[in-house]
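The values are calculated or read from the model by the stated rules, or taken from the named source; none is laboratory data. Note that the coordinates shown come from a computational prediction; the quantities given were computed from them, not determined experimentally. Because the Cβ atoms are built from the backbone with ideal geometry, glycine has one as well, and the counts that use them run over all protein chains shown. Keep in mind that these areas ignore ligands, DNA and RNA; they rest on the heavy atoms of the full protein, side chains included. Shrake-Rupley method; radii C 1.70, N 1.55, O 1.52, S 1.80 Å.
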Amino acid sequence: MEQNTQKGKIMEHTVQPSNYASSRRSFVRKGLAVGAAGTLGAALVATGLPAVVEASGGLTPGDAAILRFLSALETLETDFWQQYNELGGIQDSEVPGGSGSAKYTAALAVLDSDMAQYIHDNTEDEFTHFTFINAYLVSKGGAPVNMDRFRTLPSSKATGAQQIGRLTNLMQLTVDTGYWTRYRSRTKNPDFGDTFPPAVPGLLQGQFPAIPRDDADLSPADHIQAIANTAGFHFAFIEQGGTSIYPSLAQRVTHQEVLRILLSIGPTETMHFQTWQDKAGNAPPLTDPTNGLVFPDLNSPPFGGEDFQTNLIMPEPTIFLSRKFPPVSIIRPTETEGAAMGALKALTDDGLFIGQSPAFFAFMHDLAVAADAARHGG
Ligand SMILES: [Fe+2]
Ligand SMILES: [Fe+2]
């Protein structure tokens, strides 16, 4: 275990160091390697208490840092939900842009006939999340987060998508569906260092589109269905992350009103997750004929049972805080140490930022480091 960073020193005092936490530390090193080594490293070491104080206005530096990191995450969420909505949601004045892809929309509807409405509503929610947090930051004399300079990634060439620069990539995703078994386990918790097998192992073994890349992706039928299935499991992956990050960071805010913001937005992410987990369970078992990606029947061997059964969408009770307590139905993980960096690592591993610039990674890294340095009362 490396102890040569502030992060390492913090982790040294963690009672239950976990694999999850270890991967957070490795991201710190990876992040340092991403940028032009020396200057980025220096910038991170300095992660700018002076800059943060300057940007915090009437907020504590810690509260401002947490809100700025969440604003960035919500801006990223908005960017990819908008891409989903342009092709597979309802395009209207509430969520403008795009004109829809009939075959992609139909493939999504196999998971639920209301998918287009749900995609629209999730997209609108994300718009309001980053817009509200930025407005709140400004109201306190703080600096809002604007990521427009990083909108450099290509749009889908499929009919229905706008041709504009994007923040995120949905065409080469590696989706970790471990959340599926994590929320079904009665004996394990990621905050205890436990790991969880994926529901769809194939989605961890390559890079797959979650939206059609162009109109050639609209057939054969099992290929566009595999793309829709990938989206279905990705929706739940994203929203379970939001479900954890809000309670994780809420533990370190200072002002009651900032706590109220986190406690009021966070559960909407949980409402999204719950919906998407239910829909993903309806993804038809199939093999994509173009790349061999397999969506298994989660209700039959070697899957099936309590860890995979598709209608077990309520969290199973599990261990929490200490094994001396009885199992309890909870959000997991909620460990606060390193939570921001953990979220950034998960999104990076997901492939969402493939093609992004070193400046983008440095920007996100700085925001995460500052958020993870925030302390209640500080
Ligand atoms: Fe959100
Ligand atoms: Fe969300």
> Can you flag which of K279/K324; K140/K345; K188/K279; K157/K188; K140/K324 are past 32 Å Cα-Cα?
Replying inline: K279/K324; K157/K188; K140/K324
>> For a protection proxy built on the mean count of beta-carbon atoms within 10 angstrom, sort 144-152, 364-372 highest first, please.
In response: 364-372, 144-152
>> If you roll a 1.4 angstrom probe over the protein chains with everything in place, what fraction of the accessible area of segment 273-378 belongs to carbon and sulfur, to the nearest %?
In response: 61
> Going by a ≥ b ≥ c, the root eigenvalues of the Cα gyration tensor, does segment 121-266 fall in the rounded group (a/c under 1.5), the prolate group (a/b larger than b/c) or the oblate group?
Replying inline: oblate
> For segment 178-254, what is the accessible area per residue in Å² when the probe is 1.4 Å?
Replying inline: 28
> Packing-wise, with mean Cβ within 10 Å as the measure, how do 261-272, 226-237, 241-252 rank, highest first?
Replying inline: 226-237, 241-252, 261-272
> What is segment 63-127 by shape, rounded, prolate or oblate, if you read a ≥ b ≥ c off the alpha carbon gyration tensor as root eigenvalues and call it rounded for a/c under 1.5, prolate for a/b larger than b/c, and oblate otherwise?
Replying inline: prolate
>> Would segment 238-378 count as rounded, prolate or oblate if I go by the C-alpha gyration tensor, calling it rounded below 1.5 in a/c and otherwise prolate when a/b exceeds b/c, oblate otherwise?
In response: oblate
